[in-house]
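Student: One structure coming up, written as structure tokens, with questions to follow.
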Amino acid sequence: MKTEIASSLTRRGFIKSTGVASTGLSLGIMLSQRAGAAEENPAFPAPSDDEFAPNFHLRIGPDGQVTIISQNPECGQGIKTALPMLIAEELEVDWKTVVVEQAGLDDRYERQVAGGSGATPKHFMEFRRLGATAREMLIAAAMEQWGVDRAACSAKHNAVHDVSSGHSLSYAELVAAAATMEVPDVKSVTLKDPSNFTILGKRIPGVDNPALLRGEPLFGIDQTIPGMVHATFIKCPAFGGKVKSANLDVVKRSAGVTDAFVIEGSDKIDELLPGVAILGVDTWSVFKAAKSLVVEWDTADVSDQNTDSFYARAEEISAGEAQSNLRDDGDITQAFLNAEQTVDAYYTYPYASHANLEPQNCTAVVTADSAEIWAPTQLPSWGRDLVAGHLGIPAENIIIHITKIGGGFGRRLISDYMVQCAAIAQKYGKPVKMTWSREEDMQHDHYRAAGWHRFKGGVNSDGEIVAWQDHFVTLGVESDEDTGRGAGISKDEFPCRFVPNFKLGQTIMNTRVPLGWWRAPGSCAIAFATQSFIDELAHAASADSVDFKLKLLGDASQPAANKKQPGYHGGRMSGVVALAAKKIGWGKSLPGGEGLGVAFHFSHLGYVAMGAHVVVSKNGAMKVKRIAAAVDVGQTIMNLSGAENQVEGSIVDAISTAMELQITVANGAVQQSNFHDYPLLRLPDTPVIETHFIQTDFPTTGLGEPAFPPVAPAIANAVFAATGKRIRSMPFNQHDLSWS
């Protein structure tokens, strides 16, 4: 198979910085989205006096120090280490000599965001070319000094070598001359063969690991600035409620409190909510004072929101005609009439919270016409624009420092906490560090959407799916015409095009519960329903479940399978399904109450299958014993340590969510408040996890999300194998799994 990767750098090209100081080499990618971008940005890591760096990813100092700027937010996905590795690999430097610095928000970078597992596919080739171009400029400088041609030179270990004479010049000795070299045409730069990688594909510790072990203040919640006060912000328990009155005088008399006031806010639930700000000398003082706060809330328009009524309404809606048909292939009615067996099933899953271990927080200094903000944000540009819009400050006068993030999972793509902090700082007139309590964080999240699927499937006498119908009921927030964030379903959702008669309908219910992108948006829950139902159809066909799935997907040796569905290669998926089944021990005999399950999903360009081994006691107590993951994200595993971390973290996160987690709403307010009633998976309940990568000749893609979706259905399928009981709703702990 041939790998073809297009790079947008062919359009932008590289530029060589003008006015480069004679003692340093700097190279960067010029972006044109914001023509008026200031040359100096305090949030951008500043070079030393003898370097020149208006918008860089790479600096090499006169002492040979290699500094690589990490542009994207780091929320545990390892990107602060992985992207600089791409540059360092092609630059031919020893990784131990590299220093990585975090950039602040700067419009001269493209896609400065943590989300969608998009950094790797977007930057994999771009950043390699950046390193290779710098390498060629250094080699050109050496060639000029030696009077030799390119064939005589090679770069390795932070130096250029003349292979004929044995001479070498370190990068430190070459930076001044290299800064005067012409920048090569990007098309002419030769990239390394992956077989020669010395950094990529290895286990590289996270660049922040030493600082984390020392407890250095990297996270948003760690930030301190001179003269700041602490704050917390109390919102209405019911989404969209407004402040009618509050006992501010009582709160102001609380120990350690310096002020308390109302923020009027807006009616947009993802922006500046109405609420009460409490300020004081430390976080404990304001949290304690919040317990004495009594607010009369106006909830007239929002108190009728209840998940019980959502579920009842969705079940009724799903039994009728869909609001819109997203896909209607073949003749679904006739296909069901001709089917050997048909199966009807109704699958549901609840709202879920991001439950970041680091609650929402932000630090801000605001003046009449400027703001400087320190925030654990996945999408800093949104936060800047939100602050500009609400506070009336020009966006170009707002500086965003990107801190390390203690858990994102999509929650910090939404910037409500940033504008709240900035609004408090503007009104108070001093620097403010705002921290939400755990309860505020959980009860004012932007949740993974609940969903309801009414399936009907048909199989023929050859054990093939011939008909598939799904009426999907999902959620909107502002209307019943548009799905909320992460709530929709693609018209190309598997197994479309793999089944000749396929009908997918969708109905949207409007609620006021805020929705947000949640790790592997859409896929994180849809895979549970679709992959479990495929398993049901395999059972109806009296077929081996894995053989049934492989037959549906097609032979891994047939690239033509790619034509069945845009962006979906059935052959690649067959490869991971077969491997996961093998590694979990598919087909082996197990004691009573134990079962194996396999599921797969295509998410964010990644092909992942999971094999699960569960044990269920006769009284119904269930434990996941082992998980075997098979993963295909293309040709190169950038950082093996980081890749395993992402797969294992996804599996733990997915087990936790499937087994016990749900958010429920009563009278417009979330009922869960902390980890006692939203219990994350604990170490004793974590299974043995095996991760197996298949490296294929396809473009390298990301790993933050693809491993999550197939975990829950693999476990549910294994439970069926162990007990004969089919789980059709999450969380699993609500089901009676006892057997005899």
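The values are calculated or read from the model by the stated rules, or taken from the named source; none is laboratory data. Source: prediction; values computed, not measured. Quick reminder, even Gly has a Cβ in these numbers, built from the backbone with ideal geometry, and neighbours come from all protein chains shown.
Student: Given the criterion out of contact with any Leu (no Cβ under 6 Å at 6 or more places or on another chain), aliphatic (A, V, I, L, M) and buried (at least 24 other Cβ atoms within 10 Å of the Cβ), identify the matching residue among I393, I402.
Tutor: Every option except I402 fails the conditions.
Student: To continue, here is another question. Of all residues in the range 635-677 being under 24 Å from G241 (Cα atoms) and aliphatic (A, V, I, L, M), which is surrounded by the fewest Cβ atoms within 10 Å (Cβ to Cβ)?
Tutor: A666
Student: Which one of these does Q469 not meet: (1) of a type outside the set (V, I, T); (2) at pLDDT 95 or above; (3) over 26 Å from A543 (Cβ atoms); (4) surrounded by fewer than 24 Cβ atoms within 10 Å (Cβ to Cβ)?
Tutor: The failed condition is (3).
Student: Separate question: Collect the residues in the range 391-412 that are out of contact with any helix residue (DSSP H, G or I) (no Cβ under 7 Å at 6 or more places or on another chain) and either in the same structural domain as K80 (by TED's automatic domain parsing) or not in a loop (DSSP other than H, G, I, E, B) (or both), keeping them in residue-number order.
Tutor: Once the filter is applied, which keeps residues that are out of contact with any helix residue (DSSP H, G or I) (no Cβ under 7 Å at 6 or more places or on another chain) and either in the same structural domain as K80 (by TED's automatic domain parsing) or not in a loop (DSSP other than H, G, I, E, B) (or both), the range 391-412 yields E396, N397, I399, H401, K404, R411, R412.
Student: Separate question: Look at the range 233-252 and say how many of its residues are farther than 22 Å from G668 by Cα and either part of a strand (DSSP E or B) or of a type in the set (D, E) (or both).
Tutor: Matching residues across the range 233-252 total 1.
Student: Among the residues that make up the range 420-433, is at least one of them out of contact with any Pro (no Cβ under 8 Å at 6 or more places or on another chain), small (G, A, S) and surrounded by 24 or more Cβ atoms within 10 Å (Cβ to Cβ)?
Tutor: Yes, the range 420-433 contains at least one residue that is out of contact with any Pro (no Cβ under 8 Å at 6 or more places or on another chain), small (G, A, S) and surrounded by 24 or more Cβ atoms within 10 Å (Cβ to Cβ).
Student: Here is a further query. Would you check which residues across the range 558-592 are at pLDDT below 75 and either within 31 Å of the chain's Cα centre (by Cα) or in a helix (DSSP H, G or I) (or both) and list them? Before you say what the answer is, go through the steps one by one.
Tutor: If we filter the range 558-592 for residues that are at pLDDT below 75, which is where we start, we get 558-566.
Hits for the range 558-592 are P559, A560, A561, N562, K563, K564, Q565, P566.
Student: Within the range 270-322, count every residue that is of a type outside the set (K, R), crowded, with 16+ Cβ neighbours inside 10 Å and more than 30 Å from G389 (Cα to Cα).
Tutor: 10
Student: Scan the range 370-379 and give yes if some residue there is surrounded by fewer than 19 Cβ atoms within 10 Å (Cβ to Cβ) and either at pLDDT below 95 or under 21 Å from the mean Cα position of the chain (by Cα) (or both), otherwise no.
Tutor: no
Student: Further question on the same structure: Any idea which of A177, A103, A172, A141 is among the small types (G, A, S) and within 29 Å of the chain's Cα centre (by Cα)?
Tutor: Sole residue among the options that is among the small types (G, A, S) and within 29 Å of the chain's Cα centre (by Cα): A103.
Student: Go through the residues of the range 578-597 one by one and say whether even a single one is of a type in the set (F, W, Y) and surrounded by 24 or more Cβ atoms within 10 Å (Cβ to Cβ).
Tutor: no
Yes or no, residue by residue, for (1) outside any strand (DSSP E or B); (2) under 30 Å from S532 (Cα atoms); (3) among the small types (G, A, S):
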position	(1), (2), (3)
G389	yes, no, yes
A423	yes, no, yes
V473	no, yes, no
E478	yes, no, no
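Student: Follow-up. Restricting attention to the range 141-194, and to residues there that are of a type in the set (S, T, N, Q) and in a helix (DSSP H, G or I), which single residue is surrounded by the most Cβ atoms within 10 Å (Cβ to Cβ)? Can you show your working first?
Tutor: The first filter runs over the range 141-194 and keeps only residues of a type in the set (S, T, N, Q), leaving 145, 154, 158, 164-165, 168, 170, 180, 188, 190.
From what is left, the residues that are in a helix (DSSP H, G or I) are 145, 188.
Numbers: Q145: 15, S188: 8.
The extreme case among them is Q145.
Student: Turning to a different aspect of this structure: Considering only residues of the range 705-734 that are assigned to a loop (DSSP other than H, G, I, E, B) and without any contact (Cβ under 8 Å) to a residue 40 or more places away in the chain, which is farthest from S650 (Cα to Cα)?
Tutor: G724
Student: Scan the range 193-223 for residues that are in contact (Cβ under 8 Å) with a residue 24 or more places away in the chain and touching a Leu at 6+ places or on another chain (Cβ under 9 Å) and jot them down.
Tutor: P194, I199, L200, G201, K202, R203, I204, G206, D208, L218 - these are the residues of the range 193-223 that are in contact (Cβ under 8 Å) with a residue 24 or more places away in the chain and touching a Leu at 6+ places or on another chain (Cβ under 9 Å).
Student: Of the conditions (1) assigned to a helix (DSSP H, G or I); (2) over 26 Å from D308 (Cα atoms); (3) small (G, A, S), G702 fails just one. Which one is it?
Tutor: Just one mismatch for G702, condition (1).
Student: Still on this structure, please answer the following. Test of understanding: among D462, D492, which residue is assigned to a loop (DSSP other than H, G, I, E, B), surrounded by fewer than 22 Cβ atoms within 10 Å (Cβ to Cβ) and either of a type in the set (K, R) or touching a residue at least 12 places away in the same chain (Cβ under 8 Å) (or both)?
Tutor: Values: D462 fails: either of a type in the set (K, R) or touching a residue at least 12 places away in the same chain (Cβ under 8 Å) (or both).
The conditions single out D492.
Student: Considering only residues that are free of Cβ contacts under 8 Å to residues at least 24 places away in the same chain and not in a strand (DSSP E or B), look in the range 253-264 and name the one that is farthest from I414 (Cα to Cα).
Tutor: In this case the residue turns out to be R253.
Student: Considering only residues that are closer than 30 Å to H161 by Cα and of a type in the set (V, I, T), which ones fall in the range 89-117?
Tutor: Here is the first cut: in the range 89-117, the residues closer than 30 Å to H161 by Cα are 89-101.
If the condition is that a residue be closer than 30 Å to H161 by Cα and of a type in the set (V, I, T), then V93, T97, V98, V99, V100 are the ones that fit.
Student: If you don't mind, there's one more thing I want to ask. Could you pull out the residue among H230, H157 that is under 30 Å from E440 (Cβ atoms), touching an Asp or Glu at 6+ places or on another chain (Cβ under 9 Å), at pLDDT 95 or above and of a type outside the set (A, V, I, L, M, F, W, C)? Working first, answer last.
Tutor: Numbers: H157 fails: under 30 Å from E440 (Cβ atoms).
Of H230, H157, the one residue that is under 30 Å from E440 (Cβ atoms), touching an Asp or Glu at 6+ places or on another chain (Cβ under 9 Å), at pLDDT 95 or above and of a type outside the set (A, V, I, L, M, F, W, C) is H230.
Student: How do the pairs read when you match residues in the range 591-618 that are within 16 Å of A716 (Cα to Cα) with residues anywhere that are assigned to a loop (DSSP other than H, G, I, E, B) and basic (K, R), using Cβ under 7 Å and keeping only pairs 6 or more apart or on different chains?
Tutor: Here the result reads G593/K618, each pair linking the range 591-618 to a residue that is assigned to a loop (DSSP other than H, G, I, E, B) and basic (K, R).
Student: What number of residues in the range 195-208 are exposed (fewer than 12 other Cβ atoms within 10 Å of the Cβ) and touching a helix residue (DSSP H, G or I) at 6+ places or on another chain (Cβ under 9 Å)?
Tutor: Adding up the residues that qualify gives 1.
Student: Go through the range 93-116 and count every residue that is farther than 19 Å from N397 by Cβ and small (G, A, S).
Tutor: 3
Student: Sticking with this structure for a sec: Going through the range 104-139 one residue at a time, which ones are more than 15 Å from C75 (Cα to Cα) and in a loop (DSSP other than H, G, I, E, B)?
Tutor: L105, D106, D107, R108, Y109, E110, R111
Student: Only one of these is crowded, with 18+ Cβ neighbours inside 10 Å and either under 30 Å from Y678 (Cβ atoms) or among the aliphatic types (A, V, I, L, M) (or both): A335, A345. Name it.
Tutor: Answer to the selection: A335.
Student: A follow-up question, please. Could you tell me which residue of the range 527-537 is surrounded by the most Cβ atoms within 10 Å (Cβ to Cβ), considering only residues that are aliphatic (A, V, I, L, M) and closer than 10 Å to G457 by Cβ?
Tutor: Going through the range 527-537, the residues aliphatic (A, V, I, L, M) turn out to be 527, 529, 534, 537.
Now drop any that are not closer than 10 Å to G457 by Cβ, which leaves 534, 537.
On the way: I534: 23, L537: 27.
Step by step, filter the range 527-537, then rank; the result is L537.
Student: Continuing with the same structure: Give the number of residues within the range 233-256 that are within 23 Å of D416 (Cβ to Cβ) and either of a type outside the set (V, I, T) or at pLDDT below 95 (or both). Give the steps one after another, and end with the answer.
Tutor: Filtering the range 233-256 down to residues within 23 Å of D416 (Cβ to Cβ) leaves 233-244, 246, 248, 251.
When the remaining residues are screened for being either of a type outside the set (V, I, T) or at pLDDT below 95 (or both), the result is 233, 235-242, 244, 246, 248.
So the count comes out to 12.
Student: Scan the range 503-556 for residues that are in contact (Cβ under 8 Å) with a residue 24 or more places away in the chain, among the aliphatic types (A, V, I, L, M) and part of a loop (DSSP other than H, G, I, E, B) and report the count.
Tutor: 4
Student: Being over 20 Å from the mean Cα position of the chain (by Cα) and aliphatic (A, V, I, L, M) is the filter; apply it to the range 67-84 and report the residue that is nearest to T133 (Cα to Cα).
Tutor: Of the range 67-84, the ones over 20 Å from the mean Cα position of the chain (by Cα) are 67-69.
Next cut, aliphatic (A, V, I, L, M) only: 68-69.
Working: I68: 14, I69: 16 Å.
Top of the filtered list is I68.
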